[in-house]
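**Q** Input: one structure, supplied below.
The values are calculated or read from the model by the stated rules, or taken from the named source; none is laboratory data. As the structure is a prediction and not an experimental result, all values here were calculated from the model. Reconstructed Cβ throughout: ideal geometry from the backbone, glycine too, with neighbour counts over all protein chains shown. Surface areas here come from the heavy atoms of the whole protein model, side chains and all, with no ligands, DNA or RNA. Shrake-Rupley method; radii C 1.70, N 1.55, O 1.52, S 1.80 Å.
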Amino acid sequence: MTFELAPFALPEGYAEAILPLADLKGHLRVTGSREDDLIGAFRDAAVDAVEQFTGLILGPREGEHAMVWQAESLPARVRLGVRPVSALLSFAWLDATGTEQVGDVAELRVGPASEVMPKPGASWPKGIAGGVTITFSAGLPAGKVPPSLVQAARMFAAHLYLNREAVVATGALGGEVPLGFQALCSPYRMPVL
């Protein structure tokens, strides 16, 4: 079964709430504001990288920033690909005639691994021919990001700031710069089954 999590941009101010620019600049030992835009871009990329690596949404994504899961078919349990899921907002699919049908999200529940399934006694609607879409809110509550993931974002942003190319050459030696944040992020990574 293939699915996609609709591409999304980080909401305005999202990464700032997770890793404030002043905190990152202190870590980088940067004073002044000349490079604030650049450091902010590296910070945003680092927060995004931590989320992509772990599958954990570090801050609330709701309202206009809700997330969308799409697929052509529906398994018994829908694994949304990110966690934690805080609310199911809508559920729709195409029937055999290509007409969009809307389901009742009150008939669905979210399991502990952020899997969506029918509530006990309920079942998936009949006649799902394709084009399944589930819209949902996700993310840790504000201020509840594990410190190791904030540190991973801080380290990765510093790596991006100090090494602005994909490889670094030191004398005659060259190679990829090791990414230490993997050790901090790995315990939070969503296992792929």
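**Q** If each DSSP helix of 4+ residues adds -39,500 (n - 2.57) and the sum is divided by the residues in the chain, what number results at 222 nm, nearest 500 deg cm²/dmol?
**A** That calculation yields -8000 deg cm²/dmol at 222 nm.
**Q** Here's something else I'd like to know. Which residues' amide hydrogens lie under 5 Å from the amide hydrogen of L58, considering only partners 5 or more residues apart or on another chain, with H built in the peptide plane?
**A** Counting only residues 5 or more places away or on other chains, the set is L140.
**Q** Obtain the radius of gyration and the Kirkwood radius of segment 81-168 from its C-alpha atoms and give Rg over Rh.
**A** Radius of gyration over Kirkwood radius for segment 81-168 works out to 1.21.
**Q** Express the accessible area of segment 1-141 per residue in Å², computed with a 1.4 Å probe while the remaining protein chains stay in the model.
**A** That works out to 52 Å² for each residue.
**Q** Can you give me the span-like helices of the chain, meaning DSSP H runs with 18 Å or more of Cα extent along the axis and Kyte-Doolittle mean at or above 0.5? Display every interim value, and only then the final one.
**A** Details: long enough: 36-54 (27 Å, 0.15); 147-162 (22 Å, 0.79).
Flagged H segments are 147-162.
**Q** Taking the Cα centre as origin and putting +1 on Lys and Arg beta-carbons and -1 on Asp and Glu beta-carbons, what dipole magnitude results for the chain, to the nearest 20 debye?
**A** 660
**Q** Here is a further query. How many angstrom lie between the Cα centre of segment 14-70 and the Cα centre of segment 97-125?
**A** 32
**Q** Just need log10 I(q)/I(0) for the chain at q = 0.11, 0.13, 0.14, 0.19 Å⁻¹, Debye formula, equal scatterers on the alpha-carbon atoms, no solvent, rounded to two decimals.
**A** -0.60, -0.77, -0.85, -1.25
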